[in-house]
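Chemist: Take a look at this one; I'll ask things after.
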Amino acid sequence: MATVDQSRIRNFCIVAHIDHGKSTLADRIIEKTGLLTSREMQAQVLDNMELERERGITIKAQTVRIIYQAQDGQEYVFNLIDTPGHVDFNYEVSRSLAACDGAILVVDAAQGIEAQTLANVYLALDHDLDVFPVINKIDLPSADPERVKNEIEDVIGIEAQDAPLISAKNGIGIEDVLEAVVAKIPAPRGNADNPLSALIFDSVYDSYKGVIVFCRIMEGTVRKGMNIKMMATGATAEVVEVGYFGPGQFIPCEELSAGMVGYLTASIKNVKDTAVGDTITDVSNPCAEPLPGYKKVNSMVYCGMYPADGAKYPDLRDALEKLKLNDASLNYEPETSIALGFGFRCGFLGLLHLEIIQERLEREYNLDLVTTAPGVIYRVHKTNGEMIELTNPSNLPDPSEIDYMEEPVVAAEIMVTSEFIGPIMQLCQERRGRYVSTEYIEASRALLKYDLPLNEIIYDFFDALKSRSRGYASFDYEMKGYEESKLVKLDILINREEVDALSFIVHADSAYERGRRMCEKLKDEIPRHLFEIPIQAAVGGKIIARETVKAMRKDVLAKCYGGDITRKKKLLEKQKEGKKRMRQVGNVEIPQSAFMSVLKLDDN
Amino acid sequence: MRELSIYLHIPFCARKCRYCDFLSYPATVQEQEDYLTLLLKEIEKQSFFYEGYRVISVFVGGGTPSLLEADAIKKIFGKLNHDFIIEKDCEITLEANPDSLTLAKLEACLWAGVNRLSIGLQSADDEELRQLGRIHDYRTFCRAYQMARQAGFQNINIDLMSAVPGQTPVSYRQTLERVLALEPEHISAYSLILEEGTWFYEHQKELSFPTEDEDRELYELTGEMLASFNYNRYEISNYAKTGYECRHNKVYWKRGDYVGFGLGAASMVSDVRWSNKSSMREYREAVLSSPGFVRKTEVEPDMLKAAASASAEAPKTLSAHRARLAENVQYLSRQEQMEEFMFLGLRLTEGIRKQAFLDKFGIPIETVYGEILGRLQQDELLLIDDSVRLTPYGFDISNYVMSKFLF
C-alpha cells in the first residue's frame, strides 16, 4: 500500500450532536469494511480510553484507515477521523476537521437538529468541508425522517432528500453511507513533490515510541530519516517511523504523501513540542507558509487539586506529569494551602476537561483527591496600572490596591423547545446573562442567544439547564472576551479561622446568596465537636452569612447484644477511621467531603 | 473454680420486628424441635471444656425464647444442670415476648430455676408498637406482666425503646409513667438504631424518625424520670433498683468469661472471642460431626487424660471441636485486650478501677493511656481518682470518648 492513487482516498469525519450515534456509526463502518469481525469488535472501537467508553463520549480524536471495496469495483482508502464531541474540546475539533475533505452529518431521526448539530456543521462548513447528512435511529418508534430531512434543508441549507436512512445500532443502511462517502466526499488534492506541509491534528505519548504525532499531509511527502520542523514551536526532530492507523494499532509504512492521513514518530520527548494545529515541514526544503488556523490553547478553568493523603503529593506530581505528556492542554503548578497542604493549581479547557482529568487521576493513578472550587481567570487591574491574571482567589491583592476587575464572558447558544423558553430565560437571568436574541428554528423550537459570564456556567449550569428543561435543552458556547465586573472575594471562616481552600471570587450581587448556601452546606458536612462552631461567610472582612454547628450532645450507641462485642468495636473503629480522613483547621476537623460539597450548590 | 456465664440463643420469633437485625426468623414447630435437639447436643459436647468452671449466670435470649414450650424449657435446663456446675444463687434470665407467655411456661421456668424475666415491651403506645412491627399491644403486655408476678417472678426487666417513628416526648413520657407504675426491678432503655438489613433501614425515607434534638430530649427524659423513681443507672442503657443490677450484663462489660450456645452465639473465654456458625446448615453439620466427649464418670482414665490436655490448650488454640463450630475467631492481642477493657468498662457507671487494670496487664493505666485520660478529664468527659469513669456529659457522648482508647 505504499502508493495509493490520490483519487481513491477519502478523508472524512463524522459530526453530530452528542448521543446522535456518531461513534456507533464509526464502529459499523469499520465492521462493514471487514477490519474486524463483530466478535472481535468491542462496542465503539474508536473510543479507546476506558473513561471515554464509560461516559459514551469521545475525548481524544481517534483515527482509523480502512479499505472499502466499492460498488464500482474499485478499492478506496478511507481515513475516518473521529472528533471529540464536547465544546471544551472545540479547538481539537476544528483541527481534526481541517485534516478532512468532507464530513458525514449524523442527525437523530427523532430529535432532529440540536444546538451542537448546528455548531458542528457550521464548523465543518467553515473548513470548506463537503457535508452530507445521514439520518440515524430510523428504527425508533418516534422516528420521523421526513420531518428531519426538511429541517436539515431549511435550517442548514444542505441537500437532504437522498440522505441515507440508517440505524447504526442495528447495522441498517451502512452500505449506503459508504457509497455516499465515495460519491460525495471529494478526493484530496495536493502534490507529493511539493515541499512538505503536514497538519498536526493530535498527538499521544507512548512510553516506547515517545510522542506519536497524528498528521494530515497537505503537500509533499514525509518518510523515515527526514529532518522535520514544527513551524510554530520551532522544534526539530528526525523522523523515526511513519505509518497509518489500524483500529487500535499503528501500522508502519514507507512514506506518507500528499492527501494521506497517518502518524509519525520522531525524536520528540514532549507532547508540548507538537502542538495541535501546528505545521510540520522539511528542514532542508521548507514550505513557504505554515497552514492557517494555528492557535495556542489556553486554560479556561482553574482549580486546586490536593492529595487527600498529604504523603501522596509526590504521586500526584508524577501522575500530572504523565497526563501532561498525553494532554498538552493540561497546565499545573505547585501551590500550598493552609487547610489542604501541598497540591497543584491546575488549568483546564473547561469543566468537563477538569472532571475527566480528575477521574483519570483517581482511576488510573489510584489517587484520592480533594478539589477546590473551580474558577476562571480574572483580570485584576491595580491602581498602579499593573494588570494581573488571577487564577487562585487567595492571591487577590488587597481591595485598596484594586482599581477594577474583569471577568471572561462567553457567547452561549441554547437550543430549547418553546415550552421551556421561560424557565431557561429565567435561569440565564439568574446567572447574570445578557439577552442577545431568540431565533425560531421551527414553530416549536428556538435558539436562545445569551452572553454569560464564564464563572456562572462552570459550576452547575449544565445540570440546572437539564433539570429546568427536563433534559430537552442543549447548550454550546464560545469565548467572547473580558468585561469589567463588580467582583468580590468571598471567604469562609470556620470557628473564626479563614479556610483558604474555600475562598472564591463571585459577583458582588450574588455574594450573599452564595455565602448563605455555602454556610448551609458546610453546616451539614462538619461533624459536631465538643464545642460550638460558627461557620461564617465574609466579604472584605464583613460577615454576610452565618450558621452554627452545635456542640455534640448525644453520641451513644448503647446496643450490644448477646455479648457481640466485635460489632461495637467496628463502630468505634469506623468513628476513629473517619477522623483520619479529616482536615484539621485550627481545632476543627473538616471532612474532605465538605470541600467537595460546596462545588455543587444546586438551585432549589 | 473459675466463673463462667452462659448465653443460649433461640433464633426464632413469630414475626420479624422492623428494627431487628438479630439472627432470628419465623420457623415451623418441626424446625424448632430440630433446633432444640441440636442445642442440647451442643451443650453436651461443649460442656467438656468447662469442667473447671462454675456458672454464675445464664441468659436465654433470641429471637423469642418464650416461644419455647414448657417441655422444651425444662429439657434445656435439665441439660444445663446435668452438664454444668450451676452456682446456687446463679442469675438465670429468660427473654420473653408478652404475647407468647403462658402460665404453663412461666411455671416451667420457675421449676427449671429461671429467676429473672426480661420482657420486651418497647413502648406502651399501641400505635408505636404497630410501627415497630411488634405483634402485641400494651394490654397484652399488662396481662403477661401480671401473670409473671402471680406465678412468682420477683425480678423482672422491661425493655424500652426511644426514637421510634412517630414517638413524641408526650407519648414517651406516658410509656415511662406506665412502666414505672408497674415497679419492675430493672429497665433497659435503648435508642433505636437503624441497622442495615432491617425493614426500617430499607424504608427510612418514608418514615419520620425523631430528629437528633428530639432523640436527645427523649434520652434525657429517660434519665430524669428513672432517677426520680430511684432506679440507678448502672450502665449506659440499664437502670435497676438497688440489688437488681443484671449480673449477666455486667459480665460482658467486665470481660468475664462467657460461652454462647446455639446458632451464631458469641463467646469470650480467656481472651479468645468467637461466635458459632450463623448458617443453620453449617451449625447443624458442625454439631453433629464434632467428636463427642463423655462425662468423667463414664470414661476410661486414659481417654480422660488425653481430653484434659486438649482442654488445657483450648483457650489458646480452640480444639478441633470448637474450630468446627466457630467462626470469626479472634485471639485478642494485648493491645486489643486493653482497648476492650477500656471501652467496655466505661459503659458501667462505676467505671474502671485502676487497680484492676494493673492486675490484668501488669502495667499502670497511666503508662498506657495517661495522655488521653488527661485530655478527656480536661474536657470534663471523665472523672478520675482510684477509678476512671464517665461524667454525665461523657455518658451522653460515650462513643466519642470510647473511640479515643483504640490504638
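Only the coordinates and a few stated rules stand behind these numbers; no lab work does. These numbers were taken from a predicted model, which means no experiment stands behind them. Backbone-built Cβ (ideal geometry, glycine too); neighbour counts: all protein chains shown.
Chemist: Counting helices only, and only those DSSP H runs with n ≥ 4, report the 222 nm mean residue ellipticity of chain A as the sum of -39,500 (n - 2.57) divided by its residues, in deg cm²/dmol to the nearest 500.
Modeler: Dividing the helical sum by the residues of chain A leaves -7000 deg cm²/dmol.
Chemist: So which of B:Lys88/B:Lys360; B:Lys16/B:Lys277; A:Lys574/B:Lys404; A:Lys22/A:Lys480; A:Lys382/A:Lys480; A:Lys209/A:Lys296 end up more than 18 Å apart, counting from Cα to Cα?
Modeler: On the way: B:Lys88/B:Lys360 28 Å; B:Lys16/B:Lys277 21 Å; A:Lys574/B:Lys404 12 Å; A:Lys22/A:Lys480 29 Å; A:Lys382/A:Lys480 23 Å; A:Lys209/A:Lys296 25 Å.
Among B:Lys88/B:Lys360; B:Lys16/B:Lys277; A:Lys574/B:Lys404; A:Lys22/A:Lys480; A:Lys382/A:Lys480; A:Lys209/A:Lys296, the Cα-Cα distance tops 18 Å for B:Lys88/B:Lys360; B:Lys16/B:Lys277; A:Lys22/A:Lys480; A:Lys382/A:Lys480; A:Lys209/A:Lys296.
Chemist: Quick one: if the Förster radius is 60 Å, what FRET efficiency do A:Tyr122 and B:Val329 give, using the C-beta to C-beta distance and rounding to 0.05?
Modeler: Numbers: r = 71 Å, r/R0 = 1.18.
Once rounded, the FRET efficiency stands at 0.25.
Chemist: Pop a pseudo-label 7 angstrom from the Cα along the beta-carbon direction at both B:Thr211 and B:Glu285 and give the gap in nm to one decimal.
Modeler: A separation of 5.3 nm, rounded to one decimal place.
Chemist: If I model a spin label as a point 7 Å beyond the Cα along the Cα-Cβ vector, how far apart are those points for B:Glu195 and B:Thr37 in nm?
Modeler: With each label placed 7 Å out from Cα toward Cβ, I get 3.0 nm.
Chemist: Between B:His203 and B:Ser228, what's the calculated FRET efficiency when r is the beta-carbon distance and R0 is 51 Å? Round to 0.05.
Modeler: Approximately 0.90, to the nearest 0.05.
Chemist: Moving on. Counting other C-beta atoms within 10 Å, and keeping those with at most 12, which DSSP coil trypsin sites (Lys or Arg not before Pro) do you find in the stretch A:431-491? Provide the component values of the computation, followed by the final result.
Modeler: Working: sites: A:Arg431, A:Arg432, A:Arg434, A:Arg445, A:Lys449, A:Lys466, A:Arg468, A:Arg470, A:Lys480, A:Lys486, A:Lys489; in loops: A:Arg431, A:Arg432, A:Arg470, A:Lys486.
For trypsin sites (Lys or Arg not before Pro) across the stretch A:431-491 that sit outside H, G, I, E and B with at most 12 neighbouring Cβ atoms in 10 Å, the list reads A:Arg470, A:Lys486.
Chemist: Nearest 10 degrees, 0 to 90: what angle lies between the long axis of helix A:115-126 and the longest principal axis of chain A (Cα atoms)?
Modeler: That works out to roughly 40 degrees.
Chemist: Given R₀ = 56 Å, FRET efficiency for A:Arg223-A:Ser467 by Cβ-Cβ distance, to 0.05?
Modeler: Given R0 = 56 Å and the Cβ-Cβ separation, E is 0.50.
Chemist: Expressed as a whole number of Å, what is the distance separating the alpha-carbon centroids of the stretch A:531-554 and the stretch A:298-316?
Modeler: The distance from the Cα centre of the stretch A:298-316 to that of the stretch A:531-554 comes to 28 Å.
Chemist: How high is the relative contact order of the stretch A:230-321, in percent, with contacts defined as C-alpha pairs under 8 Å that are six or more residues apart?
Modeler: Working: 82 pairs, mean separation 23.5, N = 92.
Answer for the stretch A:230-321 is 26 percent.
Chemist: Quick check: from the Cα gyration tensor, does the stretch B:154-206 come out rounded (a/c under 1.5), prolate or oblate?
Modeler: Note, shape of the stretch B:154-206 comes out oblate.
Chemist: Using a cut-off of 18 Å between alpha-carbon atoms, which aspartates and glutamates can reach B:Lys241, once sequence neighbours fewer than 8 places away in the same chain are excluded?
Modeler: Cross-link targets: B:Glu91, B:Asp159, B:Glu177, B:Glu183, B:Glu185, B:Glu224, B:Glu350.
Chemist: According to the square roots a ≥ b ≥ c of the eigenvalues of the Cα gyration tensor, what is the shape class of the stretch A:315-424, taking rounded for a/c under 1.5, prolate for a/b larger than b/c otherwise, and oblate for the remainder?
Modeler: The shape class here is oblate.
Chemist: Exposure proxy check: B:Val55, A:Val213 ranked by fewest other beta carbons within 10 Å? Walk me through the numbers on the way to the answer.
Modeler: Working: B:Val55 22, A:Val213 28.
Lowest to highest Cβ neighbour count: B:Val55, A:Val213.
Chemist: Straight-line reach from A:Lys312: which lysines have Cα under 20 Å away, leaving out those fewer than 8 places along the same chain?
Modeler: A:Lys322, A:Lys324, A:Lys579, A:Lys580
Chemist: Let me ask you something else. If the chain between A:Lys480 and A:Lys542 were fully stretched, how many nm would it gain, using 0.36 nm times the residue separation less the Cα-Cα distance?
Modeler: 19.0 nm
Chemist: On a C-alpha basis, how far is the centre of the stretch A:146-173 from the centre of the stretch B:360-393 in Å? Whole number, if you could?
Modeler: 79 Å
Chemist: Sticking with this structure for a sec: Summing -39500 (n - 2.57) over the DSSP H runs of n ≥ 4 in chain B and dividing by its residue number, what mean residue ellipticity at 222 nm do you reach, to the nearest 500 deg cm²/dmol?
Modeler: -13500 deg cm²/dmol
Chemist: Could you put B:Met338, B:Met161 in order, starting from the residue whose Cβ has the fewest other Cβ atoms within 10 Å?
Modeler: B:Met338, B:Met161
Chemist: Would you list B:Cys109, A:Cys215, A:Cys303, B:Cys142 from fewest to most Cβ contacts within 10 Å?
Modeler: Ranked by crowding around the Cβ, least crowded first: B:Cys142, A:Cys303, A:Cys215, B:Cys109.
Chemist: Oh, and also: Any chance you could check the Cα centroid distance between the stretch B:180-205 and the stretch A:442-489 for me, in angstrom?
Modeler: 51 Å
Chemist: For chain B, calculate the relative contact order in percent as a whole number, restricting contacts to Cα pairs under 8 Å that are 6 or more residues apart. Can you show the working numbers first?
Modeler: Values: 683 pairs, mean separation 60.4, N = 407.
Rounded, it is 15 percent for chain B.
Chemist: Apply the a/c threshold of 1.5 to the C-alpha gyration tensor of chain B and tell me whether it is rounded, prolate or oblate.
Modeler: oblate
Chemist: Just tell me which lysines come within less than 17 Å, Cα to Cα, of B:Lys354; anything on the same chain fewer than 8 places away is out.
Modeler: Partners found: B:Lys254.
Chemist: How big is the convex hull of the Cα atoms of chain A, per residue, in Å³? Display every interim value, and only then the final one.
Modeler: On the way: hull volume 116.4 nm³, N = 604.
Normalising the Cα hull of chain A by residue number yields 193 Å³.
Chemist: Then there is this: What does the charge count around A:Asn170 come to, taking other residues whose C-beta lies under 11 Å from its C-beta (Lys +1, Arg +1, Asp -1, Glu -1)?
Modeler: Spelling it out: positives minus negatives among the neighbours equals +2.
Chemist: With the crude spin-label approximation of a point 7 Å out along Cα→Cβ, what separation in nm comes out for B:Tyr25 versus B:Lys241?
Modeler: It is 4.1 nm.
Chemist: Then there is this: Where Lys and Arg each count +1 and Asp and Glu each count -1, what net charge lies around B:Ser118 among other residues with Cβ under 9 Å from its Cβ?
Modeler: So the environment of B:Ser118 carries a net charge of -1.
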